[in-house]
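Q: This structure is in structure tokens; I'll ask about it shortly.
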Amino acid sequence: MTEPVSGGLAAAVWDMLTSALEAYQDSPTAAEWLGYHMKRFSEPLRIAVTGPAGTGKSTVVNAVVGERVAPIEASGRQVLTWYSEADEPQATVYGQDDSEQEVPVRHRGGRIGIDLGRWQHHEISRVAVQWPADRLRYATLIDTPADEAVSDEADAVIHLVRNVDDAGLAPLYAAMDSPVARSAPIGTLLVLSRADEIGAGRVDALSSARLIARRYDRNARLGGLCQQVIAVAGLVGYAGRTLTGSEYRQLRELAAIDRYTLDELLLSTDRFLRAETVPAGPDAEPGRTGTLPVGPEKRRALLDRFGLFGVRLATALIRGGCDTAEKLSAELVRRSGLADLCDAIDRDLTGRAEALKARSALLAVERLLATQPRAQARGLAADLERVLASAHDFRELRMVTAVRTGRTPFPPDLAAEALRLLGGEGTGIAQRLAVDRPATEARLRAAAIESLARWQDHATNPILGRDQRRVAAAVVRSCEGMIARLTQAPD
Ligand SMILES: Nc1nc2c(ncn2[C@@H]2O[C@H](COP(=O)(O)OP(=O)(O)OP(=O)(O)O)[C@@H](O)[C@H]2O)c(=O)[nH]1
Ligand SMILES: [Mg+2]
């Protein structure tokens, strides 16, 4: 999935882990630590979903996976749960006492059922669920209970907040507390969650939320903490993604009620649930007056799945022309911000898995050097600095964030081209060069050479500021990397 331009980062980090193992061979704790990180280095990217209580973390996990797999609870409380891909569902409980036990797992009425048996909440360290879902193929998703910090166990983070304030961002600041953490770019997406609740539930709430997110995106302070700020209404996104035919039919029946009456009905949960008859509105259809087409049980189920806002939005969309379940589903996924979130996961997290996993391994070496300093490891500290300073993958990630957030401003067409060449739209060579099929080696090479020449000019253009020239120099390096790769191993 990843196609690094420099290619050498993984090798450099692996060499460092191997040298560290040599330097610490007489320390069993260090050897165990390094062994764990070497194993982890070859595993899929781990993305933790974090944030304060009730921000909608488990709902976002479900929306991203596309099935109701979260939360997993023991003694009525959520446990830390890791979701990864497998052909067959499987679940393992890891105990606080280092024991582990496979437990039965099954589909139960559209949601996952895990039989935790004798396990009590306080005895469980985490539950690992394997589940057949495409989205989990490239990354393990971690559903974090409310009281847990951003974990060192994750390579990337989707952090949910309902407002952007210091309390909500504190864990992100705390995760930046070491030189490696600060100089290797982070894999963090900041989500303004439950976005439908912004703007008092009006149907255009999600557009307002998106504008707010965009404004934060350009904020330099946040730019150092996260790659992107995205407004997401997880509940609506999940319901949209898993919309059933019968839900669509019920929503269509509601949408057929005259607008005035439906608006009144959807003013509060209470009204929507309690109403038995439809009061006649000015444009009430003949025959509709007096009966509510969708019964109370079904209305309750719709509310559970969509929320009041979701029902309002879905009926407005049906009125506006979403005349099939597929169209409604796609529009709900798009408007809820779920589509943007999934794109950002693919592009900024799994698409940059190699650099993000390298960062985790470097953090592990850094931690070891700090907790067990020793003379034999002096060379390692120098290597660590060298890798950090020279890794072009890291530089690309930093530049992508600077350009995308507008902290290093460019005219729009140049910004778009810089982002593309730096891998901000996808790290494949053809994507970077915007060469359509057939992306033959000759066409790719010609495009790379042409881009290289233009960005060399930008890199030395005195009209551009220092920061812009720095971005241009990184683009030049990316183009050189592509040309070198095309020469060694044609795609
Ligand atoms: N209106 C609205 N409600 C939501 C949304 N996402 C989740 N909720 C509701 O918020 C409540 C908490 O959602 P969860 O997904 O369990 O939140 P969480 O962050 O995992 O909660 P903890 O694990 O307990 O911290 C539930 O009642 C959800 O139905 C959303 O996008 N909009
Ligand atoms: Mg939860």
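Every number here is computed from the coordinates shown, using simple stated rules; none is lab data. Because the structure is a prediction, the values reported are computed rather than measured. Quick reminder, even Gly has a Cβ in these numbers, built from the backbone with ideal geometry, and neighbours come from all protein chains shown.
Q: Near the amide H of residue 50, under 5 Å away, which other amide H atoms are found, from residues 5 or more places off or on another chain, if H is placed in the peptide plane?
A: Here 158, 159, 160 satisfy the definition.
Q: Hey, if you put +1 on the Cβ of every Lys and Arg and -1 on every Asp and Glu Cβ in the chain, which of 60, 449, 236 ends up farthest toward the positive end of that dipole?
A: The Cα lying farthest towards the positive end belongs to 449.
Q: Now a separate question. Show me 76-82, 333-339, 377-383, 344-350 ranked by packing, highest mean number of other Cβ atoms within 10 Å first.
A: 333-339, 344-350, 76-82, 377-383
Q: Can you show me the helix-derived [θ] at 222 nm for the chain, built from DSSP H runs with n ≥ 4 at -39,500 (n - 2.57) apiece and divided by the number of residues, rounded to the nearest 500.
A: -15500 deg cm²/dmol
Q: If you don't mind, there's one more thing I want to ask. Tell me, what ³J(HN,Hα) does each residue in segment 321-332 have, in order and in whole Hz, if you take phi through Karplus 6.51 cos²θ - 1.76 cosθ + 1.60 with θ = phi - 60° and put x for Gly and Pro?
A: So the J values, rounded to whole Hz, are x, 6, 9, 9, 4, 5, 5, 5, 4, 4, 5, 5.
Q: Next question. With bins 10 Å wide starting at 0, give me the P(r) of the chain over every alpha carbon pair, in whole percents.
A: 4, 17, 24, 25, 17, 9, 4, 1, 0
Q: Follow-up. Rounded to the nearest 10 degrees, what's the angle between the helix 28-41 long axis and the longest principal axis of the chain, both from Cα atoms, 0 to 90?
A: Rounded to the nearest ten degrees, it is 60.
Q: Under 5 Å between amide H atoms, partner at least 5 residues away or on a different chain: which partners does residue 74 have, H built in plane at 1.01 Å?
A: Here 79 satisfy the definition.
Q: Moving on. May I ask for the percentage of alpha-carbon pairs in segment 408-488 that lie more than 20 Å from each other?
A: Taking all Cα-Cα pairs of segment 408-488, the fraction more than 20 Å apart is 27 percent.
Q: I've got another one for you. Separation of segment 313-351 and segment 70-87 by C-alpha centroid, Å?
A: Going from one Cα centre to the other spans 26 Å.
Q: I've got another one for you. For segment 408-432 and segment 433-463, what is the separation of their C-alpha centers, rounded to whole Å?
A: 11 Å
Q: So, in nm, how far is label residue 463 from label residue 19 when the simple model puts each one 7 Å beyond its Cα toward the Cβ?
A: With each label placed 7 Å out from Cα toward Cβ, I get 4.5 nm.
Q: Sticking with this one: With point charges of +1 on the Cβ of Lys and Arg and -1 on the Cβ of Asp and Glu, referenced to the Cα centre of the chain, which listed residue (362, 403, 13) lies farthest in the positive direction of the dipole?
A: The one lying farthest along the dipole's positive direction is 403.
Q: Hey, fewest Cβ within 10 Å first, where do 37, 121 land in order?
A: By the 10 Å Cβ count, ascending: 121, 37.
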